[in-house]
């Protein structure tokens, strides 16, 4: 199974200037900045060239994630399991990791995406840093009778 974790692109700050406040109505309405729109467009174009047609795409209901997902130019489903502050177990259940057959793209938020990365790659820290607009492509495979999680690629908008 392939799992592509894509953090939303750069967004405007919370209007009340509250650092780390996630999930309130004002947070969910935050839109991409002009720079974020460019990041999403570059990454979306790159990702669209890499993904097979049958890939499933899920996005957080937050406006910034919706805009990022739209830049891919494919149909996507909005899922509450991807709201800011989501539990990593909810994300893994949503995508069917590791038993899913088709690739899945998840457009969401930190720290949840970084927690998923850390868990699947068995990193010593509970959360992996992830740049805005970046994506991590992970794959689960069987090798010599053992299941393995590997990192296929990490892409940032600047590298696409």
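Could you list, in sequence order, the residues of the stretch 127-160 that are assigned to a loop (DSSP other than H, G, I, E, B) and in contact (Cβ under 8 Å) with a residue 24 or more places away in the chain? Before the answer, list the steps.
Narrowing the stretch 127-160 to residues assigned to a loop (DSSP other than H, G, I, E, B): 127-134, 144-145, 156, 160.
Across the stretch 127-160, the qualifying residues are 130, 131, 132, 133, 134, 156, 160.
From 75, 38, which residue is more than 14 Å from the chain's Cα centre (by Cα), modelled with pLDDT of 95 or more and in a loop (DSSP other than H, G, I, E, B)?
Numbers: 38 fails: in a loop (DSSP other than H, G, I, E, B).
Only one candidate passes the filter, namely 75.
Please work out which one of (1) crowded, with 20+ Cβ neighbours inside 10 Å; (2) farther than 11 Å from residue 5 by Cβ is the condition residue 136 fails and give its number.
Only one criterion in (1) crowded, with 20+ Cβ neighbours inside 10 Å; (2) farther than 11 Å from residue 5 by Cβ is unmet by residue 136, namely (2).
Of the residues 109, 8, 14, which single one is surrounded by fewer than 18 Cβ atoms within 10 Å (Cβ to Cβ) and either at pLDDT 95 or above or on the phi < 0 side of the Ramachandran plot (or both)? Give the derivation first.
Working: 109 fails: surrounded by fewer than 18 Cβ atoms within 10 Å (Cβ to Cβ); 8 fails: surrounded by fewer than 18 Cβ atoms within 10 Å (Cβ to Cβ).
It is 14.
Could we say that residue 115 is surrounded by 14 or more Cβ atoms within 10 Å (Cβ to Cβ), at pLDDT 95 or above, out of contact with any helix residue (DSSP H, G or I) (no Cβ under 9 Å at 6 or more places or on another chain) and within 22 Å of residue 11 (Cβ to Cβ) here? Can you show your working first?
Values: surrounded by 14 or more Cβ atoms within 10 Å (Cβ to Cβ): yes; at pLDDT 95 or above: yes; out of contact with any helix residue (DSSP H, G or I) (no Cβ under 9 Å at 6 or more places or on another chain): no; within 22 Å of residue 11 (Cβ to Cβ): yes.
So residue 115 fails the test.
Give the residues of the stretch 37-48 that are closer than 27 Å to residue 92 by Cβ and either without any contact (Cβ under 8 Å) to a residue 12 or more places away in the chain or touching a helix residue (DSSP H, G or I) at 6+ places or on another chain (Cβ under 9 Å) (or both), sorted by residue number. Walk me through how you get there before you give the answer.
Just the residues of the stretch 37-48 that are closer than 27 Å to residue 92 by Cβ, to begin with: 39-40, 43-44, 46-48.
Passing the criteria: 39, 40, 43, 44, 46.
Quick one: residue 91 ticks every box in (1) within 22 Å of residue 158 (Cα to Cα); (2) touching a helix residue (DSSP H, G or I) at 6+ places or on another chain (Cβ under 8 Å); (3) crowded, with 17+ Cβ neighbours inside 10 Å bar one, so which box is it?
Just one mismatch for residue 91, condition (1).
The values are calculated or read from the model by the stated rules, or taken from the named source; none is laboratory data. If you're wondering where the values come from, they're calculated on a predicted model, not measured in any experiment. Every residue, glycine as well, gets a Cβ built from its backbone with ideal geometry; the counts of neighbours run over all protein chains shown.
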